[in-house]
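Every number in this text was worked out from the coordinates using simple rules, so none of it is lab data. These numbers come from a predicted model, not from an experiment. FYI the Cβ positions are ideal-geometry reconstructions off the backbone, even for glycines, and counts take in every protein chain you see.
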Amino acid sequence: MKISDFITVFRLIVLAGTLLSISACTPVKGYEGPELPEEQIALVKTKYEGGDAVDFYQRAVDGIAFKNSGIQVLPGKHSFKLSIDVNEEPYDCEGYGKLDYYSYQSCQQKYYQDKGPPCDCYDYLSIYKKCWYRAHGGSCQGTFHTRAGQKYEIIVNGVADTANVMVKEVGNYEPAGDGDCNVGAGRTESREDYQGTGRSTAYSNGVYSCD
């Protein structure tokens, strides 16, 4: 491959990544016709508030799916449907490490050759925390009204196998709508989260060895 061809391919890859990043942050257009200014439409997003953590797997307003960036709709009455997981507090958490052997050995070789500082294996140890928790799958649906130029949040409050949902206009304490949730008995799952590197991170997660 010529250098010019390589540069062209690289630019296309960068452009594709940029476009994907922009699209992920752009609200979905949830109405027909030409694009309207913000003062003529309403923005709707989802969030959880209080209780246990809630994961949103599917979101739709008026049958149109959207993600974290939200959906733009016209003023008036709308319906929503959500697929959720209500996650109870984690338990039996345990930390563990993954050592980057290649980088650590390279550091040691430089040190033994008097070409580098002493090596601390914890600097090459990625720390993870694995926890178990109960996840309760469910769904919510309801209706709400929007006004032009306003922002709205579909708020889910879940605790174990129960959840409720309401819609609020941002900055207005009066509800703009509500609905019902149906949550199941639950299942046991595990989750692993990256904590960082370094000796202090390892110790705080109960990891006292690089082995």
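Over the chain, dividing the summed -39,500 (n - 2.57) contributions of all DSSP H runs of at least 4 residues by the number of residues returns a 222 nm mean residue ellipticity of -6000 deg cm²/dmol. Indicate the gyration tensor shape class of the stretch 40-101 (rounded, prolate or oblate), computed on the Cα atoms with a ≥ b ≥ c the square roots of the eigenvalues: a/c under 1.5 is rounded; otherwise a/b larger than b/c is prolate and the rest oblate. Prolate, because a/c is 1.5 or more and a/b exceeds b/c. Only lysines eight or more places from residue 45 in sequence, or on another chain, were considered; those with a Cα closer than 17 Å are 29, 67, 77, 81, 151, 168.
Under a Gaussian network description of the chain, with springs only between Cα atoms under 10 Å, the residue in 52, 120, 161 that fluctuates furthest is 120.
Which shape class, rounded, prolate or oblate, goes with the stretch 68-124 when its Cα gyration tensor gives a ≥ b ≥ c as root eigenvalues, a/c under 1.5 marks rounded, and past that a/b bigger than b/c marks prolate? The shape class here is prolate. Would the chain count as rounded, prolate or oblate if I go by the C-alpha gyration tensor, calling it rounded below 1.5 in a/c and otherwise prolate when a/b exceeds b/c, oblate otherwise? Note, shape of the chain comes out oblate. Applying a 4.7 Å Cβ-Cβ cutoff to the chain, the cysteines left without a disulfide-compatible partner are 25. Comparing 62, 85, 123 in a Gaussian network model of the chain (Cα springs below 10 Å), the most mobile by mean-square fluctuation is 123. Relative contact order, whole percent, for the stretch 77-211 stands at 33, derived from Cα pairs under 8 Å and 6 or more residues apart.
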